[in-house]
Amino acid sequence: MLLSKRKNRTNRTGVAAAEFAVCLPVIVLIVLSTIEACTMIFLKQSLSIAAYEGARAGLAQSATNSTIVNASTQVLTERNVKGGSVTLNPSNLTSIAPGNFYTVTVSAPAAPNAIVPINFYRGRTLTGTATMMKEFTSSTP
């Protein structure tokens, strides 16, 4: 009886190696896709924050288009976002009357910002937007 138990154990070692060989690529794929998804969530949040900070910078009375672009670009630089671009709608902040809304859109391609070499988001561009109303505070006391 002891001999038959040892015989079954030796046959099972090959099965464990085969199961490991089948499961390992699936586990690696799940881990890489999770890392990539987290990276893209971080990128999307970075773009939204950059758009918000740009729109917030546009609230100042002396704000111009370059003020908005500089504020958004600074956030993108701090978060190491590659290939980011900032657009403003309407395109000229100084032509917007107080009480009207303007939208800042910040976008970046997913491929240069990916961490893993397998790019699950190939060819996609992520965007973040923020809309605010232009307001001026009274400069008279």
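The values are calculated or read from the model by the stated rules, or taken from the named source; none is laboratory data. On a predicted model such as this, the values are computed, not experimentally measured, just so you know. Note: ideal-geometry Cβ built from the backbone for every residue, glycine included; neighbour counts use all protein chains shown. Side chains included, ligands, DNA and RNA excluded: accessible areas come from the protein's heavy atoms. Shrake-Rupley method; radii C 1.70, N 1.55, O 1.52, S 1.80 Å.
Which whole-number percentage describes the relative contact order of the chain, with Cα contacts under 8 Å and a sequence gap of 6 or more?
On the way: 206 pairs, mean separation 37.3, N = 141.
RCO, the chain: 26 percent.
Please go through the range 52-141 and write out the GluC sites (Glu not before Pro) that DSSP classes as loop and that have at most 15 other C-beta atoms within 10 Å.
Values: sites: Glu53, Glu78, Glu135; in loops: Glu135.
Sparse-neighbourhood loop GluC sites (Glu not before Pro): Glu135.
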Inset, instruction - Would you tell me the accessible area of Cys23, worked out with a 1.4 angstrom probe on the heavy atoms of the protein chains, in Å² to the nearest 10? - result: 70
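What FRET efficiency comes out for Val116 versus Thr77 if R0 is 22 angstrom and r is the Cβ-Cβ distance? Round to the nearest 0.05.
Working: r = 23 Å, r/R0 = 1.04.
The computed FRET efficiency comes out at 0.45.
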Inset, instruction - Quickly estimate the mean residue ellipticity at 222 nm for the chain, helices only: each DSSP H run with n ≥ 4 gives -39500 (n - 2.57), and the total goes over all residues, rounded to 500. - result: -18000 deg cm²/dmol
Inset, instruction - Leaving ligands, DNA and RNA out of it, report the carbon-plus-sulfur percent of the accessible area of the chain at a 1.4 Å probe. - result: 61
Inset, instruction - With just the Cα atoms of the chain, tell me how far they stretch along each of the three principal axes, in Å, largest first. - result: 100, 31, 22
Inset, instruction - Could you tell me the accessible area of Phe120 in Å² (1.4 Å probe, neighbours in place), rounded to the nearest ten? - result: 90
Inset, instruction - Can you tell me which of 110-117, 59-66 comes out highest on packing, and rank the rest after it, using the mean Cβ neighbours within 10 Å? - result: 110-117, 59-66
Legend entry - C-alpha long axis of helix 65-78 to longest principal axis of the chain, angle in °: 20
Legend entry - In degrees, nearest ten, helix 2-57 long axis to first principal axis of the chain (Cα): 0
